[in-house]
1. Based on what the data block shows, is L113 touching a Phe, Trp or Tyr at 6+ places or on another chain (Cβ under 8 Å), part of a helix (DSSP H, G or I), among the hydrophobic types (A, V, I, L, M, F, W, C) and under 20 Å from A27 (Cα atoms)?
2. Only one residue in E148, E60, E163 is at pLDDT 85 or above, in contact with a helix residue (DSSP H, G or I) (Cβ under 9 Å, 6 or more places away or on another chain), under 23 Å from A7 (Cα atoms) and not β-branched (V, I, T), so which one is that?
3. For a quick check of your reading of the model, give me the residue pairs whose first member lies in segment 132-145 and is at positive phi, whose second is surrounded by 11 or more Cβ atoms within 10 Å (Cβ to Cβ) and modelled with pLDDT of 80 or more, with beta-carbon atoms closer than 8 Å and at least 6 apart or on different chains.
4. Sort out which residues of segment 17-46 are crowded, with 17+ Cβ neighbours inside 10 Å and of a type in the set (K, R), and write them in order of number.
5. Would it be correct to say that A7 is closer than 28 Å to K130 by Cα, modelled with pLDDT under 95, small (G, A, S) and over 12 Å from the mean Cα position of the chain (by Cα)?
6. Could you please give the count of residues in segment 115-127 that are touching a residue at least 24 places away in the same chain (Cβ under 8 Å) and among the polar types (S, T, N, Q)?
Amino acid sequence: MSIFFNADEIFQMGLRIETNGKEFYEAIAKKSPDASMQKLFSDLSTWELEHIRFFKGLREALPDSARRGGSFDPSQELLLYLQSTADSHVFLKNPNIHELANRCKTPLEALDLAISFEKDSVVFYSAMKKVTSEEFGRKEIDRLIDEEIGHIAMLHQKKKDLEKR
């Protein structure tokens with residue numbers, strides 16, 4: 001069976017991921033007693049807001065044909081890969097973001113979950129890039145992947161710093 005999927009649906013998944021990330025980072029920032037952790041997670045929330053705007057912009061720029069039609073995937077490999085990465089994404093499989101944030105009892109737990117979120121996002125956006133044409137934002141998705149990798153590095157460094165205390 002051949003499967004078609006469209007760019008609008010894929011960008012909508014990215015929008016959901018970033019929205020959930022923003023909510024998570026806001027919740028963790030509010031509950032953190034440490035000022036440096038509050039700032040870190042507040043900054044991450046702000047950066048996720050930029051990613052939300054990014055996906056909204058990509059969706060708004062899509063022609064109607066990209067909303068109706070889709071990419072042909074006769075073997076279903078790309079679609080199944082995208083679905084798998086989306087289904088396993090920490091913020092898509094746990095729809096109650098505030099409950100997820102409340103489960104983080106220590107700053108290290110929050111950092112571990114944030115690192116998982118950012119890694120999941122890199123994997124998903126890398127798959128997204130494979131099915132996104134140049135005209136619909138492939139280069140911009142590369143930039144987003146680079147930003148997420150930067151977030152991982154920052155979170156990892158903060159985790160190492162906390163572990164030294």
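1. For L113, the condition - touching a Phe, Trp or Tyr at 6+ places or on another chain (Cβ under 8 Å), part of a helix (DSSP H, G or I), among the hydrophobic types (A, V, I, L, M, F, W, C) and under 20 Å from A27 (Cα atoms) - is met.
2. E148
3. Once the first residue is at positive phi and sits in segment 132-145, its partners that are surrounded by 11 or more Cβ atoms within 10 Å (Cβ to Cβ) and modelled with pLDDT of 80 or more give G137/L58; G137/A61.
4. Residues of segment 17-46 crowded, with 17+ Cβ neighbours inside 10 Å: 17-29, 32, 37, 40-41, 44-45.
Answer for segment 17-46, where residues must be crowded, with 17+ Cβ neighbours inside 10 Å and of a type in the set (K, R): just K22.
5. Working: closer than 28 Å to K130 by Cα: yes; modelled with pLDDT under 95: yes; small (G, A, S): yes; over 12 Å from the mean Cα position of the chain (by Cα): yes.
Yes.
6. So the first thing to find is which residues in segment 115-127 are touching a residue at least 24 places away in the same chain (Cβ under 8 Å), and the list is 115-125, 127.
Filter again for among the polar types (S, T, N, Q), leaving 116, 121.
Residues in segment 115-127 being touching a residue at least 24 places away in the same chain (Cβ under 8 Å) and among the polar types (S, T, N, Q): 2 in total.
Per-residue answers, yes or no, for (1) of a type outside the set (K, R); (2) over 20 Å from V90 (Cβ atoms); (3) in contact (Cβ under 8 Å) with a residue 60 or more places away in the chain; (4) buried (at least 19 other Cβ atoms within 10 Å of the Cβ):
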position: N102; (1), (2), (3), (4): yes, no, yes, no
position: L108; (1), (2), (3), (4): yes, no, no, no
position: L113; (1), (2), (3), (4): yes, no, yes, yes
position: K130; (1), (2), (3), (4): no, yes, no, no
position: K160; (1), (2), (3), (4): no, yes, no, no
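The values are calculated or read from the model by the stated rules, or taken from the named source; none is laboratory data. All values reported here derive from a predicted model rather than from experimental measurement. When we count neighbours, we look across all protein chains shown, and the Cβ atoms used for this are built from the backbone with ideal geometry, even at glycine.
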